[in-house]
C-alpha cells in the first residue's frame, strides 16, 4: 500500500492549490471525479502504463517553467481555412480575440458559464466518458482534469456545421498551468470539424469528450505548437454510435513532453474510427501516443496510424491497443506505428496490443523503426535532387500514410507545409 | 564527352579491388557498349561515375565535358549532364512519380542557373514524353516505381532520361528482365534521344539489346579493366563464342 500512499500524497500536494468549483450539474460531476481520483492517486513512473514516459513533470504542484516560443516566422495553423476561432490564452478564454461563436451554426457554450446550471445536455458527457475510460486502465490525469478544469467549451451540433471550430491555444506566461475540458456532442446525422492548435501553456492538461451519434461525422485535426519547453497531457474520449465516423489527426513538433491518449469505444454497428499522428522531435523531446480502441459492435473499422521522426536523442513512445469484444464480428482493425530515426541517439519504444474475443475479425498490427533508405536517397540525388531536399522528400514520404488520414486536402497541405518547415529548420 | 583515365576503385568497407585501371573515352554523338562477364566491374563503373557511396577511388580520373566528376556530389554530376539508368530502379513509397520528376528537373535547372519550369509546361512535357514510351497517366500518378512491373520500371528510367535531357547517358543492364516487346520500346526511347550532342554508354551482358541500339564502339571488360575494344562485330563475336575464348586470347 506504500505505493498507493505515495500516489495519494502526490495528489494531495498537486491539488492543494486548486479549487473544486461547486454548484450546478458540473459541480456534481467534479466531485465524483475527485472521488475517482482520490481512489487512484496520481500516476507514477512505476505504473505499467507509464513505463516509457516519466509522468513526474505532469504531476508536480507547479508547472515546470517553459520559455515562450516565437513562432511568428510561420503563418498560424489552419490560417487559410474559413473557421470560427475560439481563443484561450494560458488556458483562459479570450472573448475579445475570438470570433462570434454563433457563426459556426452549432451550439457553443463556455463550461465556466454553463456548468452552474441545474440541468444541461453536457451532463451526459462531462466526466462520463472519462469515467468509462478509467477501465481497464486508470487515467488519473484525466480525472484530475474533470475535477479541476478551469474552463472549456461545450459544443452541440444537430446538423451540418457552417464552419469548422478552431480552438486556438496561446501561451504567454512561462509558468502557466492550464486545465481545459471540452465536450462535443454530435446528434444523429450531424457533421463537425474541430481544429486545435497552439502550445496552450507551460503545462497543459486537456480532455476532449466526444459523442458521435448514429450517422454523425466528426473530424478532428490538431497542431500542438512549436514551443520546445512546454509539457502536455491530453485525453480524447470518444463514444461512437452506428454508421458514424470519427477521424482524428495530430501533428506534434517539438515539446519537451507530450502524452496524447485517445480512448475510443465503437458501440454501434458499421462505424469507422481513425486516429493518426505525425510527430517530429529534435533533442530533448519525448512524445507518447497511447491509444485504446474498443470494438463493441459489428462490422466496424478502426485504424491507428502513428509516424515519428526522431533525431538528436529524441524519444518516441507508442502504446496502442485494439480490444475486440465478444460479438464484435467482422471487425476490421489496423494499427501501425513507425519511427524514422535520423541518427543513432534517438529511440522508439512501442507496445502494440491486440485482445480479441470474437472469432470472425480481421486485425493487423505492425511496428517498425528504421533509418533513411540510403538507396532511395542515392536514387533521388542521382537525378539531381540535392541531398537536403531528397531527405525531406523521404521523410515526408514516411509520414504520408499518417497525413493521408486527413480528409480535407487544404488542411493536409497546411500540415505538410508545416512539416517541411520543421525539416528545413532542423536540417543539422 | 566522357574521359576516364586509369581508374582504380576498391570497396570502402573491405579491401576488395574492383576496377584496375579503366581507360575509356566516349565522344559526343557516339554510342559505346560495354560487355563483359559477371563480376567484371561493369556495374561498379556505372555506380562510381554516378557517385554512389561505398566505393573508394584510389587512382585515376573521370571527366565529363572537361569537368572532374569524381569530386562532385551525385546531384552535381546530374546537373552537369550525367544520367545513370539503374539496373534495379528504386521503389520510393510515398513520393509521387510526377513530384519526383518535377523536383529533379527543377533542381537541375536551378543548379545550372536556369529558370524553373512552370507546372503547365512541365505537365505538357511529361505527357508528350510519356506517350511515346506508352507510360499511362496512372503510372505517373503512382509513387516512384512502386507496383511497377520490370518493364514499367525500365520505361520509367527512360522517361526520366527523356525529361532531364542529360548529355551523357549510362544504361546499366537496361535489358535485364525485359521481354522482347519491352526491350524494343526501351530501345526506341533511347534511339529517339540519340543526337550529335549526346553520348551513351550501354552496359549489357548480351548482344540482344545492341540489335536495337546500334553501338559505334564495343568494349569488353574483364577483371576490372577494358581488355578489348572494337566495332559492333565484337558484340556478335561474344554472342557466338562466349567470353571464354576472347579472354583466353587476351591473356
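Most tightly packed first, judged by the mean number of other beta-carbon atoms within 10 Å of their residues, the peptides A:290-299, B:203-212, A:3-12 read A:290-299, B:203-212, A:3-12.
If you count, for every residue in B:41-52, the Cβ atoms of partner chains within 10 Å of its Cβ, what is the mean?
That average works out to 1.
Per-residue packing, averaged as other Cβ atoms within 10 Å, sorts the ranges B:107-120, A:372-385, A:161-174 into the order A:372-385, A:161-174, B:107-120, beginning with the highest.
Okay, which of the stretch B:53-94 sit inside 15 Å, backbone N to the point 7 Å along the Cα-Cβ direction of residue A:371? Answer for the stretch B:53-94: B:53-55.
With viscosity set to 1.002 mPa s at 20 °C, what whole-number translational diffusion coefficient in µm²/s follows for the stretch B:103-153 from Stokes-Einstein and a Kirkwood radius over Cα pairs? Don't skip to the answer; put the middle values down first.
On the way: Rh = 12.4 Å.
The diffusion coefficient I find is 173 µm²/s.
Against chain B, whose longest principal axis comes from its Cα atoms, helix B:150-164 is set at around 80 degrees.
With R₀ fixed at 60 Å, the C-beta to C-beta distance from residue A:413 to residue A:4 puts the FRET efficiency at about 0.75. If R0 equals 45 Å, the separation of the Cβ atoms of residue A:12 and residue A:425 corresponds to a calculated FRET efficiency of about 0.60. Between rounded, prolate and oblate, where does the protein assembly as shown land on the alpha carbon gyration tensor, with a ≥ b ≥ c its root eigenvalues, rounded for a/c under 1.5, else prolate if a/b exceeds b/c? Verdict is prolate for the protein assembly as shown.
Show me the ranking of peptides A:32-43, A:300-311, B:59-70 by mean Cβ neighbours inside 10 Å, starting with the highest.
Details: A:32-43: 19.6, A:300-311: 24.0, B:59-70: 15.7.
Per-residue mean Cβ counts within 10 Å order the peptides as A:300-311, A:32-43, B:59-70.
Placing a label point 7 Å from the Cα of residue B:196 along the Cα-to-Cβ direction, the residues of the stretch B:8-44 whose backbone N falls under 19 Å of that point are B:26-32. Shape class of the stretch A:1-144 from the alpha-carbon gyration tensor: oblate, with a/c at 1.5 or above and b/c at least as large as a/b.
Inter-chain neighbour count for A:389-397: the average number of beta-carbon atoms from partner chains within 10 Å of each residue's beta-carbon is 4. Tilt of helix A:24-40 relative to the longest C-alpha principal axis of chain A, in degrees (0 to 90, nearest 10)? It works out to around 60 degrees.
Approximating the spin labels as points 7 Å out from Cα along Cα→Cβ, the residue A:329-to-residue B:121 distance works out to 6.3 nm. Springs between Cα atoms under 10 Å define the GNM used for chain B, and in it the highest mean-square fluctuation of B:81, B:151, B:96 occurs at B:96. For a paramagnetic label modelled at 7 Å from the Cα of residue A:49 toward its Cβ, which residues of the stretch A:230-266 fall within the zone defined by backbone nitrogen distances under 16 Å? Residues A:233-238, A:259-265 qualify, since their backbone N sits under 16 Å from the label point. Computed over chain B, the per-residue total of -39500 (n - 2.57) for DSSP H runs of n ≥ 4 gives a 222 nm mean residue ellipticity of -12500 deg cm²/dmol, rounded to 500.
Summary value for chain B: 29 percent relative contact order, contacts being C-alpha pairs under 8 angstrom separated by 6+ residues.
Per residue of B:93-99, what is the mean number of Cβ atoms on other protein chains within 10 angstrom of that residue's Cβ?
Numbers: counts 7, 12, 8, 3, 0, 0, 3.
Average per residue, whole number: 5.
Laboratory data are not the source of any read-out in this text; all were calculated from the coordinates shown. Keep in mind that this is a model prediction, so the values were computed, not measured. Heads up, the Cβs are rebuilt from the backbone with ideal geometry, glycines too, and the neighbour counts pull from every protein chain shown.
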